[in-house]
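Okay, so here's the structure we're looking at.
The values are calculated or read from the model by the stated rules, or taken from the named source; none is laboratory data. It should be emphasised that the depicted structure is a prediction, and the values quoted were computed from it without experimental measurement. Every residue, glycine as well, gets a Cβ built from its backbone with ideal geometry; the counts of neighbours run over all protein chains shown.
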Amino acid sequence: MNLEKEIIRLIEKKGKVTFNELLNHFNNKEEIIKALNKLEDDEKIAIETYLPKQTSFIEYLKDLSYTLWFYLTILVVILVNLFVFVIPNVYPYNIFRWIFSAIFIAYLPGFTVIEALFPSRSELEALERFGFHIGTSIGVVPLLGLLLNYSPWLLRLEPIMFTLTIFILIFAITCLIVKYKVYKNIYEK
């Protein structure tokens with residue numbers, strides 16, 4: 001009850017208050033949620049969904065809350081290619097090579113495919129989404145290897161790296177465009 005009064009005072013003082021501002025002010029997420037739900041049920045406050053007014057693709061790219069995944073994907077792809085082709089495979093560096101290569105092979109191909117197919121967070125739960133990322137990677141990487149085996153380039157390090165890099169980048173860009181369209185549709189409603 002005390003928290004509810006404090007929240008109402010803060011709202012009266014500032015006008016509109018975001019959840020992050022409440023979290024910074026009171027520090028107890030569960031109690032804040034309970035208090036907000038009670039205040040909304042008692043019709044003392046109205047909770048609104050915040051949608052930023054960015055509609056251009058360039059502005060969307062600048063908003064890290066929506067595109068951080070894309071930049072991290074690009075970073076991992078660049079790091080793996082650096083560790084494989086440029087940085088020597090010696091003790092301190094090979095550990096990073098193993099870690100980033102595991103992410104590159106076992107997670108990123110499936111991540112980009114699943115995120116392109118299911119761009120909205122409401123379509124899959126987080127655990128389902130993670131399982132599909134790993135499972136799709138386990139399916140996609142051997143298929144790409146099979147295609148490479150019957151190509152003139154065969155199964156060697158360079159063709160495998162090139163194929164996986166291009167595959168991940170194409171699907172990451174596709175996913176970025178699809179997520180932007182979903183974002184734009186939500187904003188326009």
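Listed residues 82, 144, 108, 155; which is farther than 26 Å from residue 186 by Cα and in contact with a Leu (Cβ under 6 Å, 6 or more places away or on another chain)? Please lay out each step first, then the result.
Values: 82 fails: in contact with a Leu (Cβ under 6 Å, 6 or more places away or on another chain); 144 fails: in contact with a Leu (Cβ under 6 Å, 6 or more places away or on another chain); 108 fails: in contact with a Leu (Cβ under 6 Å, 6 or more places away or on another chain).
Of 82, 144, 108, 155, the one residue that is farther than 26 Å from residue 186 by Cα and in contact with a Leu (Cβ under 6 Å, 6 or more places away or on another chain) is 155.
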Checklist line | Conditions (1) exposed (fewer than 11 other Cβ atoms within 10 Å of the Cβ); (2) in a helix (DSSP H, G or I); number of the one not met by residue 81 | finding: (1)
Check: With 118, 132 as the choices, which residue is under 19 Å from residue 177 (Cα atoms), surrounded by 13 or more Cβ atoms within 10 Å (Cβ to Cβ) and free of Cβ contacts under 8 Å to residues at least 40 places away in the same chain?
Finding: 118
Check: How many of the residues in the range 30-60 are touching a residue at least 24 places away in the same chain (Cβ under 8 Å) and among the hydrophobic types (A, V, I, L, M, F, W, C)?
Finding: 7
Check: List, please: which pairs have Cβ atoms under 7 Å, are six or more places apart or on different chains, and start with a residue in the range 88-103 that is surrounded by 14 or more Cβ atoms within 10 Å (Cβ to Cβ) and end with one that is among the polar types (S, T, N, Q) and at pLDDT below 95?
Finding: 97/89
Next item on the list: Looking only at the range 26-34, decide whether some residue is outside any loop (DSSP other than H, G, I, E, B), outside the structural domain of residue 156 (by TED's automatic domain parsing), surrounded by 15 or more Cβ atoms within 10 Å (Cβ to Cβ) and among the aromatic types (Phe, Trp, Tyr).
Entry: yes
Next item on the list: Please list, ordered by first then second residue, the pairs with beta carbon atoms under 6 Å, 6 or more apart or interchain, first in the range 3-19 and under 13 Å from residue 38 (Cα atoms), second part of a helix (DSSP H, G or I).
Entry: 3/31; 3/35; 4/35; 4/39; 7/35
Item checked: Of all residues making up the range 35-68, the number that are surrounded by fewer than 16 Cβ atoms within 10 Å (Cβ to Cβ) and of a type in the set (A, V, I, L, M, F, W, C) -> 8
